[in-house]
Amino acid sequence: MSAKELAVITVMGRDRPGLVAGISRVLAENEVNIEDISQTILQDMFSMILMVDISSCKVSFEDLDEALQQEGRRLGVKILMQHKKIFDFMHRI
Amino acid sequence: MIYSKEEILETIRMIAMENLDIRTVTLGISLLDCADPDPERLLLKVRDKICRTGRQLVPSARRLERKYGIPIVHLRLAVTPLAVLLASPLAVLGAQEGASFCCQLARQLDRSCQDMGIDLIGGYSALVQGGMTASDRLLIESIPTVLSSTTCLCASVQVATSARGINMDAVQMMGGIVKELALGTPSGSGCARLVVLCNAPDNIPFMAGAFHGFGNAETAVNIGISGPGVIRSALRSKEGLRLDELAEEIKKRAFKITRVGELIGKEMAAAIGSRLGGVDFSLAPTFKVGDSVAEILEAMGLERVGAPGSTAALALLTNAVKMGGAMATSAVGGYSGAFIPVSEDAGMVAAAACGALSLEKLEAMTSVCSVGLDMVAIPGDTPAETISGLIADEMAIGVMNHKATGVRLIPVPGKKAGERVDFGGLFGSAIVMPVSAFSCAGFVRRGGSFPPAIHSLRN
């Protein structure tokens, strides 16, 4: 089994039914596994943070991001996917 | 989760709301292997090398922006100081043909950058702190024509170092060059692409002073980060903090923003088969509200920048940024302090407009931060000798304090002190600042050289 390659997906906007399902579907279709998920309310805005493993992803990082952006537009939320390394660099010594 | 929600949201907030970005990725390219006495062959070699080496810059940057969700605002090239490359062809061309060849090379570089989607290219430069060669002189004399007929090319002339002192003949010459360039471009805007330097680092990512110095590898990736907004927001809710506690807050934020520069620099170097030259963690403002160094100083408790205490506040800021930044990168590069370019910082412009900030106070502040009298608009009728005097003062600060200083003055044709001028785009707008009417012509016209700083004799 190949080593994990993690990315952080942050979803911001209004909560609504089907939000988790919609994003999970895009990830599952591309063989991206959800490693961890958490939700929080930040200044009246819903935010969901997913830690995902993209090591087996069928498409490039850019194409996965594009698919998520499309889904975000459909669901009316803002989605940001960032490779985990930026958090390692900023928050770990 | 391996990161806390707070950590993830802090990163996102810095980028989305506090204007954290990679201000510039500047790829340094050596052109030494393009040297050729035949002008046509030299042009071909330069074009080939620039295109071959630079073409990966834009697509690689776009990929990294997407991977890490961080904007990379500017992409630039910096080349070997061109006075060196021009020495051989200029030796066989006459003065007139030589000047026209300088323009030909400059326009070709400009076009190559535009074709690749690169914003600026630095390196139309001469290092003349100890004296001038024939090609140095020709290059400097050609600056007004060359910058008037290009849009991406940046020029710099190093006229002083701590080890060699100040070449006052060159300082005298540059006063006239700055005036001539101002007259040849709208509102003197060409002067935004010319800087006079002292102790210039050879791996600067910021313009107009970037060039690929002689101690470098074939290519090098230099990163400029930008985070005045991140530092400003760290101070927003910290009213009651003592100054040492304030410095601690700044240090922590500077560490984090510099780490982003380190990450992008390493990844960019790997992507284009180069190496990380340096990360310049200078706080670089833009004209956007909330992205201002002046606002940071005002958040510390100054009514307006320029008030007594401004030099001390800036020193505290620069020092704290260095403490955090130096630990965050394995390759500290460029200036790594804080920039206070007047026209590129809305808070600095406001301070100049209300009379809080004078040119003299600005000069004092430059002794404790990156660079010097940067992007300062002055009256169009300022005599060339007075411009040389302002350059000499800033060079003396650099020489005596072993620091990099620079002068980027814009004598705006037809404008008087207090009038507003708009340079457009990145270069912002400014209030024309008054300059002392007392003359320094007698001092400047003496020429010669200003001996090195005595504390450079350490051997």
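Just a few scattered comments:
- Residue check for residue A:18: at positive phi and open to solvent by 20 Å² or more (accessible area, probe 1.4 Å): yes
- Test: residue in segment B:437-449 that is open to solvent by 60 Å² or more (accessible area, probe 1.4 Å), in contact with a strand residue (DSSP E or B) (Cβ under 7 Å, 6 or more places away or on another chain) and over 28 Å from residue B:284 (Cβ atoms): yes
- Conditions (1) open to solvent by less than 40 Å² (accessible area, probe 1.4 Å); (2) on the phi < 0 side of the Ramachandran plot: number failed by residue B:131: (2)
- Residue selected from segment B:34-55 under the condition among the hydrophobic types (A, V, I, L, M, F, W, C) and assigned to a helix (DSSP H, G or I), by the criterion most open to solvent (accessible area, probe 1.4 Å): B:44
Table: residues versus (1) within 28 Å of residue B:16 (Cβ to Cβ); (2) within 14 Å of another protein chain (Cβ to nearest Cβ); (3) modelled with pLDDT under 95.
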| position | (1), (2), (3) |
| --- | --- |
| B:33 | no, no, no |
| B:60 | yes, yes, no |
| B:64 | yes, yes, no |
| B:67 | yes, yes, no |
| B:75 | yes, no, no |
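- For segment A:46-72, a residue qualifies if it is within 11 Å of chain B (Cβ to nearest Cβ), without any contact (Cβ under 8 Å) to a residue 40 or more places away in the chain and either touching a Lys or Arg at 6+ places or on another chain (Cβ under 7 Å) or hydrophobic (A, V, I, L, M, F, W, C) (or both), and the qualifying residues are A:48, A:62, A:64, A:65.
- Taking the criterion of being without any contact (Cβ under 8 Å) to a residue 40 or more places away in the chain, facing another protein chain (nearest Cβ under 8 Å) and either open to solvent by 50 Å² or more (accessible area, probe 1.4 Å) or aromatic (Phe, Trp, Tyr) (or both), the residues of segment A:73-93 that qualify are A:85, A:89.
- Taken across segment B:284-302, residues that are within 14 Å of chain A (Cβ to nearest Cβ) and touching a residue at least 24 places away in the same chain (Cβ under 8 Å) do not occur at all.
- Residue match in segment B:357-368 (condition: within 18 Å of the chain's Cα centre (by Cα), assigned to a helix (DSSP H, G or I) and either modelled with pLDDT under 90 or within 30 Å of residue A:93 (Cα to Cα) (or both)): yes
- 3 or more residues closer than 29 Å to residue B:93 by Cβ: qualifying strands (runs of 3 or more DSSP E) within segment B:139-243: B:153-161, B:194-198
- Looking at B:109, B:77, B:105, just one residue is open to solvent by less than 10 Å² (accessible area, probe 1.4 Å), in a helix (DSSP H, G or I) and either touching a Cys at 6+ places or on another chain (Cβ under 9 Å) or among the β-branched types (Val, Ile, Thr) (or both), and that residue is B:109.
The values are calculated or read from the model by the stated rules, or taken from the named source; none is laboratory data. None of these values were measured; they are calculated from a predicted model. As a convention, Cβ positions derive from the backbone with ideal geometry for all residues, glycine included, and neighbour counts pool all protein chains shown. Quick note on the areas: whole protein, heavy atoms, side chains included, nothing else; ligands and nucleic acids left out. Shrake-Rupley method; radii C 1.70, N 1.55, O 1.52, S 1.80 Å.
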